[in-house]
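*Asks:* Below you'll find the structure I mean.
Values in this text are rule-based calculations from the coordinates and carry no lab data. Note that the structure is predicted; figures quoted are calculated from it, not measured. Methodologically, a virtual Cβ is constructed for each residue, glycine included, from the backbone with ideal geometry; neighbour enumeration extends over all protein chains shown.
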Amino acid sequence: MAEARRAATAADVARLAGVSKATVSYVLSGRRSGDSRVRDETRQRILEAVRALDYVPDQSARALRRRRTERVCLVLPRLGVPYFDELATELQDAMAAHGYALVITVSDVVDERSAVVQQLRRRLADGVVIVPGTRATNEALTGLVGLGIAVVLVADEPARDGIDVVSSNASDACRGAVEYLVSQGHRRIAFIGQFPPHAHRHSRYDGYLAALRSSGLQLDERLVVSGASSRAEAYRSAVRVLESPDRPSAVFAASDIAAVSTIWAARDLELRVPDDVAVIGVGNIDEDLVMNPPLTSVGPATVGAAEIAELLVSRMTGEAPAAGRTRLQPWELVRRGSAP
């Protein structure tokens, strides 16, 4: 059996390039900043030695020296949600452009006892992003800030010292979507939500209620059902309300996956969308475009990865003010075939 090849070290690179280990470390740190500490020919010789030896720096040792992990953590309440999938993909690309890797962990609670907080205290990452659906306590967040960890919340709540927020006008946008249904003549409008609701579910339900009030319509609790976080549950809930003798003429679903399930339920009940029942979802995901008919949805134009990355990087590099900052991600109604 062939003997395993010994991994090259910084000392090997220095020996081959004819320089000191300190010069190798300086060059591989990426620092240039216009200085003349290392001549271009020396730098090139070091890089050639790195390639010849297939040298890979020890990231854990580097992190210990710099007290930085060069990682950020994205906390998701669950997997398989289109918005979370897209955010993870785009945030990974955005952070990679700044030299950071993305770590994903799943938890619907961030408090003093949660595993993710314990790992962050052990320097799992230099920054953390917490999205809607994960309940985070102020004590846990304040503790992370005290350890020098950058915190960004995607939530409709105020920023506070050391904690940045990417917020939206979700409640107002949802109200506008339901008011649009009313303007099209709909008076019995069902709501498919998630109960007990998390904060972002509340904002969508609040928008629904506000639209009913502003339109002079009474809330019919028989039209308020659960299922926004599950395709199967949303389908069952949609069938139940659409089979009722006084079925609604429109459905406002608190997620696009629930709205898609509603369209399938209507089709199985031989109801035409939008002629027999109009459907609006929340999220503005790519799947909306390939539905038949395409799904009308309220949501952001993007998942906001660029704004999140900017907030994280500026705070991790010490360029952010002590006070928390807020970035507004506006939502709008995108009218398509399910509620033209």
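*Asks:* Provide Cys174, Cys73 in ascending order of the number of other Cβ atoms located within 10 Å of each residue's Cβ, fewest first.
*Replies:* On the way: Cys174 28, Cys73 20.
Placing the least packed residue first, the sequence is Cys73, Cys174.
*Asks:* What length, rounded to one decimal in nm, is gained on full extension from Thr89 through to Gln118, with 0.36 nm per residue of separation minus their alpha-carbon distance?
*Replies:* Numbers: separation 29, 0.36 × 29 = 10.44 nm, distance 2.51 nm.
That works out to 7.9 nm of additional length.
*Asks:* Continuing with the same structure: At a Förster radius of 51 Å, what calculated FRET efficiency corresponds to the Cβ-Cβ distance of Asp286 and Ala323, to the nearest 0.05? It would help to have the intermediate numbers written out before the result.
*Replies:* Numbers: r = 36 Å, r/R0 = 0.71.
The value I calculate is 0.90.
*Asks:* Over all directions, what mean area does the Cα convex hull of the chain project, stated in square nanometres?
*Replies:* Seen from a random direction, the Cα hull of the chain projects 23.3 nm² on average.
*Asks:* Continuing with this model, one more query. With θ taken as phi - 60° and the coefficients 6.51, -1.76 and 1.60, list the Karplus ³J(HN,Hα) couplings across segment 256-269 in order, rounded to whole Hz; mark glycine and proline as x.
*Replies:* Rounded to whole hertz, the list is 5, 5, 6, 5, 4, 5, 5, 4, 5, 5, 4, 5, 5, 8.
*Asks:* Which FRET efficiency value, to the nearest 0.05, do you get for Glu243 and Val56 by plugging their Cβ-Cβ distance into 1/(1 + (r/R0)^6) with R0 = 41 Å?
*Replies:* Taking R0 as 41 Å, the efficiency between Glu243 and Val56 is 0.10.
*Asks:* By how many nm would the segment from Ser20 to Leu271 lengthen if fully extended, with 0.36 nm per residue of separation less the alpha-carbon distance?
*Replies:* Computed gain between Ser20 and Leu271 is 82.7 nm.
*Asks:* Once phi is turned into ³J(HN,Hα) by the Karplus curve 6.51 cos²θ - 1.76 cosθ + 1.60 with θ = phi - 60°, what whole-Hz value does each residue of segment 109-121 show in order, with x for glycine and proline?
*Replies:* Values per residue, Gly and Pro as x: 9, 10, 9, 4, 9, 6, 4, 5, 5, 4, 5, 5, 5 Hz.
*Asks:* What is the sum of charges around Leu333, taking Lys and Arg as +1, Asp and Glu as -1, for the other residues whose C-beta is under 14 Å from the C-beta of Leu333? Kindly include the intermediate steps, with their values, before the conclusion.
*Replies:* On the way: positive: Arg175, Arg204, Arg335, Arg336; negative: Asp172, Glu179, Asp256, Asp288, Glu332.
Once positives and negatives cancel, what remains is -1.
*Asks:* For labels at Gln218 and Ser183 in the simple 7 Å Cα→Cβ model, what's the distance in nm?
*Replies:* For the pair Gln218/Ser183, the computed spacing is 2.7 nm.
*Asks:* Using only helices, what value at 222 nm comes out for the chain when you add -39,500 (n - 2.57) per DSSP H run of length 4 or more and divide by the total residues, to the nearest 500 deg cm²/dmol?
*Replies:* -12000 deg cm²/dmol
*Asks:* With point charges of +1 on the Cβ of Lys and Arg and -1 on the Cβ of Asp and Glu, referenced to the Cα centre of the chain, which listed residue (Ser171, Ile308, Val116) lies farthest in the positive direction of the dipole?
*Replies:* It is Val116.
*Asks:* Remind me, relative contact order of the chain in percent, using alpha carbon pairs under 8 angstrom and six or more residues apart?
*Replies:* Answer for the chain is 15 percent.
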